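So the structure is just underneath, and the comments pick up after that.
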Amino acid sequence: MSVDHLVPPALAPRPKPRRRGRIAVLLIAALFCYPAGMYGYDLTYPGDASFSVRTVDWLRDIGLGGVVNTVENWWYTRHPPSTAPPPARDLPPAGSSAGAAAGLRPPDLPVGRFAPAGEGVWTAGARSGTQVAEYTTFVQPDPGHASVVAGVAWLNQSLVRTRLFSGTKDPGGPGPSAIPDALRGTLVAAFNSGFKLKDCQCGYYLDGTTAAPLRDGMASAVIDDTGRVSVAQWGRDATMGPHVTAVRQNLDLVIDHGAPVPGLEKNPAGHWGSASNQFQYTWRSGFGTDRDGNLIFVGGGGLTLRTLAAAMAQAGIQQGMELDIHSPMVTFNSYRPDLAGSSPRKLLPAMPGQVDRYLSSDQRDFFATTLRFPPPVTG
């Protein structure tokens, strides 16, 4: 037997322990650097957004959206609103007499069993000549929680024009992300749009550009080239045409033919957001049109999906969709371009956000309405 057979084969060199340690450190550093870098990105991204909103966006961006949904469901479903009547500070102040105004005026709304002073009674806002372009009021849609108040704004679409503006981050263009200076002299109202596009898997079209494909069956705010809004189920009530300038989709219809749609309390297949989202007591908003085609916005705190829909139906909406939810997101600010020196005001005193939101760049898309005919400004 050859001596060579008695010599063990050469062993492959093994990595030294110090080298393995360096590799492990680099891997751990890489795992931490990515989320840290994303957090820095979200914290510094252009456009108005609170620290909490930026932090939640970061959590969703790094794949923790399910955790965020679980925490939100746990928190909001376990903190119901008070059963006591709302304090006076939470109710809108009485304004000018609606009866003194000329032109079209909506009928006062039916009230609930609590009926605080002013509920369902319209207050006149911005005017176009002698006619009122905007009326506001409030309702109490939750019989079990007397503190819940939903603000209602009615906009005469014969006197106002509506535009959709893209946020710097969602969808990130096209067009301006703030109300241009040229429109501020006729500005009547500015208010939030819907969920983030990737969260609702919905479509977005503006001025010839499709930021996200439009999907059949989804609730859609459709704006034509005259600035009129209709709320429709895409593919059933509305389709793309030469006069459509903007489409903003968000979930499924909440109000159809004047009544809440079936299934709002069950949310089958996530038609209205994540599972159990419908049970959260939180700030919610929605809008739609009445029998005459006028635009109606509804928003308030402590609302479930069911009580939001109840408030929308009570306000006279025939076709309606939910917009955004949670406290940093629900905004409706009114302006009086016909009154010199007037200041913007919130639809409800407790409504979150700044009263001048959307006058500077915002991360989220939004709607704004302006007077069709510039008014003579009075003192």
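Key figures for this structure:
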item	result
Total residues in the stretch 228-264, condition in contact (Cβ under 8 Å) with a residue 60 or more places away in the chain, assigned to a loop (DSSP other than H, G, I, E, B) and farther than 11 Å from residue 321 by Cβ	4
Some residue of the stretch 248-264 being at pLDDT below 95, surrounded by fewer than 24 Cβ atoms within 10 Å (Cβ to Cβ) and of a type in the set (Gly, Ala, Ser)	yes
Counted residues, the stretch 73-88 - those being over 30 Å from residue 118 (Cβ atoms) and either at pLDDT below 90 or loosely packed, with under 15 Cβ neighbours inside 10 Å (or both)	3
Scope the stretch 49-78; condition assigned to a helix (DSSP H, G or I) and farther than 15 Å from residue 274 by Cβ; matching residues	51, 52, 53, 54, 55, 57, 58, 61
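To keep it simple, each residue is scored yes or no on (1) more than 30 Å from residue 41 (Cβ to Cβ); (2) modelled with pLDDT under 95; (3) in the same structural domain as residue 42 (by TED's automatic domain parsing); (4) of a type in the set (Lys, Arg).
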residue	(1), (2), (3), (4)
135	yes, no, no, no
143	yes, yes, no, no
164	no, no, no, no
167	no, no, no, no
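The values are calculated or read from the model by the stated rules, or taken from the named source; none is laboratory data. For clarity, every value in this text was computed on a predicted model and none was experimentally measured. All Cβ positions, even for glycine, are placed from backbone atoms using ideal geometry, and neighbour counts span all protein chains on display.
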